[in-house]
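Shown next, in structure tokens, is the structure this report addresses.
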Amino acid sequence: MSLSPLVPAAREPLAALFGPHLAALGQRTAAALESCGYEALLVHSGSLLPVFQDDRTYPFEANAPFKVWTPLAEVPDCFVHVQPGHRPRLLFHRPTDYWYKPAPLPQDYWTAHFEIVPCTDLTAARAALPRSLARTAYLGEDFGTLAAWNVGEVNPPRLIRHLDFPRAMKSPYELACLRAANRLGALGHLAAERAFTDGAAEFDIELAFLAACGQREQDLPYNPIIALNENGAVLHYQVLEKRAPQTRRSLLIDAGAEFGGYASDITRTYAAAAGDFAALIQAMDTLQQSLCAHVKAGVDWREVHLLAHQLLAHVLRDADLISCDPDEAIASGVTRVFLPHGIGHLLGLEVHDAGGFMRSPDGGDIARPEGHPYLRLTRTLAPGFVVTMEPGLYFIEPLLAAARADARARLIRWSRVDSLQPCGGIRVEDDLAVSATGCENLTRDAFAAAHNGR
Ligand SMILES: [Mn+2]
């Protein structure tokens, strides 16, 4: 991992925090292995995926179960071998290659905690492992020669649940990485906002974001959503138009940065001019902040999601977008026309982090509320959870068309919808670290620091 010069003085605290993080990870891994009947764990960083009939590969993404052990997010075919009671071993892939530059042996704040073994290829990696892996669980892709390694089990579901469940509770080290990812993301967002104000096309706004984060697209935790005008109504809008539109009305940008393998996930919406859409953005920002104020340990996330629909019903009525009272807007499903996605999700090594539905490591899953099929988190919040809070209000043509065609049609003020639809939609998204008494807003703090030039 390259620590960005954009995050000043990050190394010292990371060095102090990594040891306790690794010790706690080792303890809970030992407990999970024992409970599931294994003696050791072998985790693969991932394989390079070749392009069909070509000698190129797709951009590499290290697997999250590997990244929880080391911030080494860029090197394929590495392994972490964990045997409780022993220092974890990192089998570091160091091929003899004159086509690509092999990654240098890592030396950083985390490396003293590992026994690092350079391996030229998979055969060398196998030779560096114990002769028998019969009681070892393996996590990762089933690469071609894995069958001959005779591991005890490949990706055992019960062990994966035992490892994923506690990943929701972030360690102080992980929180430091998530803060840094937010600081980088905020720098990108401020540059993107300036590019929008200057009249840039979607493509150029992305370039401004990348330059300010100091990351290229494949380093980011997800492809940015950069949507001008009506494109903001496409929830996972993926196009980057190279030409600026004739009329510039709005920008919805959902983009995050990466630090130490951890993701930020940040959305802002801007209006080009004062007016009804700008006022609606302000109302959604206020709504988002009141939802954030409800977040603390012990809160059932499904309740937060349902509360968002109650608050949204009031925003819709105040903006004259509906003609019914808020209770009827919820009962009839009208709020779901305007907000069809979940209110937020776990965040960490993956932008939609693992384990969002688990009741307990062994205890099955918690169902989503009826009629809300896209919610990605149903657990009760605990200290250390990091979640996104991302209410939205969109003018999505297929959902509006369906509402126009049924009983919901009389509840919606279509002239207001028609006048705002060219602005696409609004989403305001922050990353929150949950504590016993409330939450730390990693994203607002990062914007404040960026504004102050810190
Ligand atoms: Mn998100």
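Since every read-out is calculated from the coordinates, none of them should be taken as a lab result. Just so we're clear, the structure is a prediction, and the values are computed from it rather than from any experiment. Virtual Cβ from ideal backbone geometry, glycine too; neighbours counted across all protein chains shown.
Say a paramagnetic label sat at a point 7 Å from the Cα of Lys296, along Cα to Cβ; which residues of the stretch 422-441 have their backbone N under 14 Å from it? Counting only backbone N, you get 434-440.
Taking Rh as the Kirkwood radius, which is the inverse of the mean 1/r over Cα pairs, what is the Rg/Rh value for the chain? Write down the numbers at each step before the final one.
Details: Rg = 23.5 Å, Rh = 23.6 Å.
We get a ratio of 1.00 for the chain.
Any idea what angle helix 172-197 forms with the longest principal axis of the chain, computed on alpha-carbon atoms, 0 to 90 degrees, nearest 10? Approximately 40 degrees, to the nearest 10. Evaluated over the Cα positions of the stretch 246-373, the convex hull gives a direction-averaged projected area, one quarter of its surface, of 10.5 nm². Among beta bridges from DSSP that stay inside the chain, the antiparallel ones total about 75%. The count of lysine pairs in the chain that are at least 8 places apart or cross chains, and whose C-alpha atoms lie under 30 Å apart, stands at 4.
Taking only C-alpha pairs under 8 Å that are 6+ residues apart, what is the relative contact order of the chain in percent? That works out to 15 percent.
In the stretch 11-155, taking the dipole from charged Cβ atoms about the Cα centre, the farthest positive-side position among Ala23, Pro130, Thr70 is held by Ala23. Shown in residue order for the stretch 96-101 are the 3J(HN,Hα) couplings computed by the Karplus curve 6.51 cos²θ - 1.76 cosθ + 1.60 at θ = phi - 60°: 8, 8, 10, 8, 10, 7 Hz (x for Gly and Pro).
Restricting to Cα pairs below 8 Å that are 6+ residues apart, what does the relative contact order work out to for the stretch 11-155? Please round to a whole percent.
On the way: 224 pairs, mean separation 34.8, N = 145.
Across the stretch 11-155, relative contact order equals 24 percent.
Subtracting the Cα-Cα distance of Trp414 and Ser35 from their residue separation scaled by 0.36 nm leaves 130.6 nm. Taking the centroid of alpha carbons for each part, the stretch 419-452 and the stretch 132-149 are 42 Å apart.
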